[in-house]
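Working notes, structure below.
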Amino acid sequence: MNKRLPKSNLLSLSFLTKGSRGHFLLAFVLVILAVITGYLTPQVFRITVDSVLGDEPFSLPGALVSLLESWGGREALRQNLLVCALAALLFSLFSGLFNFGARLAIAHGTENTIKRLRDRLFDHIQKLPYAWYAKNQTGDVIQRCTSDVDTIRNFLIDQSQEMVRTLFLIIFSLLIMFSMNATLSWIALAFMPVTIAYSGFFFKRIARKFQAADEAEGAATAMVQENLTGVRVVRAFGREKFEIDRFDEKINRFTNMWVRLGNTLGLYWGMGDFFCTLQVMVIIVAGCFQAAQGQLTNGEFLAFISYNSMLVWPVRNFGRILSELSKTNISASRLLAILRAKPEQDLPDAKCPSMDGDIVFHDVSFRYNETKEVLSHINLTIKSGTTFGILGATGSGKSTLMYLLDRLYELPTENGTITIGGVDIRHIALPWLRGHIGIVLQEPFLFSKTLRETISDGAKNRDMEAIRHCARLAAIDDTIQNFSEGYETLIGERGVTISGGQKQRVAIARMLMQNTPIKIFDDSLSAVDMETDAKIRDAIQTSVRGTTILIAHRITTLMNADCIAVMDHGKIVQLGSHQDLIKEDGIYRRIYEAQGLGKEAAAL
């Protein structure tokens with residue numbers, strides 16, 4: 001795991017603001033106007049104390065002084081102090097309206113940006129190779145796409161405009177304060193480097209601790225997802241206590257991470273409060289001393305204290321923004337790790353050839369990551385329109401052959417070739433290739449839909465008669481008809497409400513609906529009885545056209561295939577028909593005898 005802190009990851013997502021930048025710009029302009037109008041209120045108080053109630057000359061633009069004189073000048077204002085109060089109220093009202101408009105604009109821009117981020121993430125995840133999913137836990141990916149996206153959303157909608165507000169609050173405060181009293185302004189300014197220095201120090205510590213806490217949350221989320229998915233296994237093996245203890249361990253680690261992060265933030269905010277309070281007290285003492293010496297009027301002292309308080313908050317808020325920025329930067333790095341993952345890509349010369357030709361594996365070798373070879377120099381030809389069987393022990397490489405054929409894993413160029421009709425599958429467009437290869441896995445995934453929707457999922461023809469025809473071929477139609485709601489029966493998530501054998505048969509019917517020229521059954525009849533197995537194979541062989549590949553451990557599933565390959569430790573050790581293989585002294589005959597297959601099984 002890379003512990004190096006990321007740089008400018010949030011800026012790397014700035015392309016997602018395209019189309020919403022006008023809203024962000026409007027929000028920032030309105031924030032600046034709110035700051036300006038907000039800063040005019042203390043000036044009203046200063047003028048009221050010094051120039052209306054006192055005898056100091058008006059320090060206003062000439063046009064405003066002329067307007068006041070024409071209205072009656074100082075005496076008129078003294079007799080109508082309500083005008084001063086209304087002026088202060090008016091500036092506060094405009095400041096509030098500008099803040100309201102800024103909030104609306106930033107909300108509109110943020111929500112559209114986050115929508116584009118979520119759309120981009122989901123679209124990119126759909127295009128990532130199967131190997132990427134094997135390396136990343138589902139729960140962690142979900143946590144990134146939810147919690148980390150929300151962290152960025154919160155930063156954009158709150159902290160982005162606070163950054164602009166803080167910057168201009170500091171600038172305007174210092175400009176006005178220096179115009180009023182340079183000595184007190186330099187005293188106030190002296191505290192800023194200290195605040196910025198310790199904020200930068202805590203920024204790095206907070207970033208590291210937030211990254212650790214975020215990763216701990218991802219691990220806890222992944223465990224919850226695994227337990228929800230495998231709830232039947234947990235119950236079947238009585239592992240509730242064990243899983244609760246595991247979850248306690250992970251959630252305690254996650255809690256401790258956040259407690260340590262909270263301690264760091266508490267120390268940071270405590271130091272911030274100390275320096276801010278110290279700055280206010282120093283300014284008050286120095287201001288009182290200058291006022292007593294006649295170097296500062298009462299109105300200037302009152303206004304300066306107000307501006308100093310306005311300066312203290314943005315400087316202190318600067319550290320808060322830094323801490324939020326550090327968390328957001330980590331979240332952005334975790335999302336960019338997904339967005340920067342290389343998606344599946346076709347070669348420039350990708351084509352859409354006929355998929356009815358022979359399938360040829362030529363000198364194919366393959367390994368997963370740094371593991372030992374799973375396939376070693378495989379040479380195999382599957383004739384078009386035939387039924388081909390593959391037999392072998394677990395881990396012999398049977399499924400890997402089909403994963404490579406469907407390009408779920410890419411075969412390195414130096415590791416041989418796989419061709420269909422003489423065309424290297426690397427040069428076949430992925431949507432075309434997978435659209436013409438149907439696969440039923442041993443543990444098929446069924447979405448939470450009705451049986452009718454599940455079987456017709458992805459098929460061009462969704463006619464009910466076609467659905468029932470495929471269900472009959474998969475020997476599941478009668479079973480469905482016995483359900484109270486028939487084909488409108490809603491199956492639970494991952495098909496949890498139906499049995500394993502029913503799930504496999506529904507998956508077979510779904511694949512048959514695709515009407516692909518190449519059909520792969522990856523041990524997908526393992527959960528059905530021998531009689532149903534025979535019915536399905538007989539129906540497929542007599543009613544379905546194309547090339548059929550059967551992967552199985554049970555010889556009765558393969559014995560009627562035109563050709564059978566026997567695999568052992570990534571190599572093809574036997575090849576031939578059932579009649580040929582049982583005559584040879586090899587793995588096939590030993591399995592045949594071990595499974596107790598005699599005349600009855602052969603007849604079946």
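Is there a residue in segment 304-321 that is among the polar types (S, T, N, Q) and surrounded by 20 or more Cβ atoms within 10 Å (Cβ to Cβ)? For segment 304-321, residues among the polar types (S, T, N, Q) and surrounded by 20 or more Cβ atoms within 10 Å (Cβ to Cβ): present.
Consider segment 171-188 and keep the residues that are in contact (Cβ under 8 Å) with a residue 40 or more places away in the chain and under 43 Å from the mean Cα position of the chain (by Cα). The one that is farthest from F304 (Cα to Cα) is F172.
Can you tell me which residue in segment 522-537 is surrounded by the fewest Cβ atoms within 10 Å (Cβ to Cβ), limited to those that are acidic (D, E) and assigned to a loop (DSSP other than H, G, I, E, B)? The qualifying residue surrounded by the fewest Cβ atoms within 10 Å (Cβ to Cβ) is D529.
Please indicate, with yes or no, whether at least one residue in segment 83-103 is modelled with pLDDT of 70 or more, under 27 Å from T151 (Cα atoms), among the basic types (K, R) and surrounded by 15 or more Cβ atoms within 10 Å (Cβ to Cβ). Yes, the conditions are met somewhere in segment 83-103. The residue of segment 408-420 that is surrounded by the fewest Cβ atoms within 10 Å (Cβ to Cβ), among those that are free of Cβ contacts under 8 Å to residues at least 60 places away in the same chain and not β-branched (V, I, T), is E414. Every test in (1) in contact (Cβ under 8 Å) with a residue 40 or more places away in the chain; (2) in the same structural domain as D457 (by TED's automatic domain parsing); (3) within 37 Å of the chain's Cα centre (by Cα) is passed by A475 save one, and that test is (3). Return yes or no: is D123 among the acidic types (D, E), within 30 Å of K342 (Cα to Cα) and crowded, with 17+ Cβ neighbours inside 10 Å? The answer is no for D123.
When D123, D148, D140 are checked against the criterion of being over 20 Å from I32 (Cα atoms) and out of contact with any helix residue (DSSP H, G or I) (no Cβ under 6 Å at 6 or more places or on another chain), a single residue qualifies: D123. Residues of segment 549-593 that are assigned to a helix (DSSP H, G or I) and not hydroxyl-bearing (S, T, Y): I555, L558, H578, Q579, D580, L581, I587, R589, R590, I591, E593. Of the residues making up segment 494-521, those that are among the β-branched types (V, I, T) and either surrounded by fewer than 19 Cβ atoms within 10 Å (Cβ to Cβ) or closer than 16 Å to P444 by Cβ (or both) are V496, T497, I498, V506, I508, T516, I520.
For segment 189-201, the criterion of being under 18 Å from K327 (Cα atoms) and free of Cβ contacts under 8 Å to residues at least 40 places away in the same chain is satisfied by at least one residue.
Annotation note: of S376, S384, S399, the sole residue that is touching a residue at least 12 places away in the same chain (Cβ under 8 Å) and either acidic (D, E) or closer than 21 Å to Y133 by Cα (or both) is S399. Of everything listed in (1) outside any loop (DSSP other than H, G, I, E, B); (2) of a type in the set (S, T, N, Q); (3) surrounded by 11 or more Cβ atoms within 10 Å (Cβ to Cβ); (4) modelled with pLDDT under 75, the single unmet condition for S70 is (3). For segment 258-314, the tally of residues that are more than 41 Å from the chain's Cα centre (by Cα) and either outside the structural domain of G38 (by TED's automatic domain parsing) or part of a helix (DSSP H, G or I) (or both) stands at 28.
Let's see how each residue does on (1) out of contact with any Lys or Arg (no Cβ under 8 Å at 6 or more places or on another chain); (2) among the charged types (D, E, K, R); (3) at pLDDT below 90; (4) on the phi > 0 side of the Ramachandran plot:
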residue: L433; (1), (2), (3), (4): no, no, no, no
residue: F445; (1), (2), (3), (4): no, no, yes, no
residue: D463; (1), (2), (3), (4): yes, yes, yes, no
residue: I491; (1), (2), (3), (4): no, no, yes, no
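For segment 11-36: of the residues being among the polar types (S, T, N, Q) and touching a Gly at 6+ places or on another chain (Cβ under 9 Å), which is surrounded by the fewest Cβ atoms within 10 Å (Cβ to Cβ)?
The initial filter retains those residues of segment 11-36 that are among the polar types (S, T, N, Q), namely 12, 14, 17, 20.
Remaining after also requiring touching a Gly at 6+ places or on another chain (Cβ under 9 Å): 17, 20.
Numbers: T17: 18, S20: 21.
The qualifying residue surrounded by the fewest Cβ atoms within 10 Å (Cβ to Cβ) is T17.
Is there a residue being acidic (D, E) and farther than 30 Å from R589 by Cβ anywhere in segment 431-452?
Looking only at segment 431-452, we keep the residues that are acidic (D, E), and these are 443.
Those still in the list that are farther than 30 Å from R589 by Cβ too: none.
Checked against the condition, which is being acidic (D, E) and farther than 30 Å from R589 by Cβ, segment 431-452 yields no hits at all.
The residues of segment 236-290 that are farther than 23 Å from K327 by Cβ and crowded, with 16+ Cβ neighbours inside 10 Å, listed by number, are E243, Q279, V280, V282, I283, A286, G287, Q290.
Within segment 504-529, the set of residues being in contact with a Ser or Thr (Cβ under 6 Å, 6 or more places away or on another chain) and either of a type in the set (G, A, S) or at pLDDT below 80 (or both) comprises just one member, L525.
The values are calculated or read from the model by the stated rules, or taken from the named source; none is laboratory data. Being a predicted model, the structure only gives us computed values, none of them experimental. Quick reminder, even Gly has a Cβ in these numbers, built from the backbone with ideal geometry, and neighbours come from all protein chains shown.
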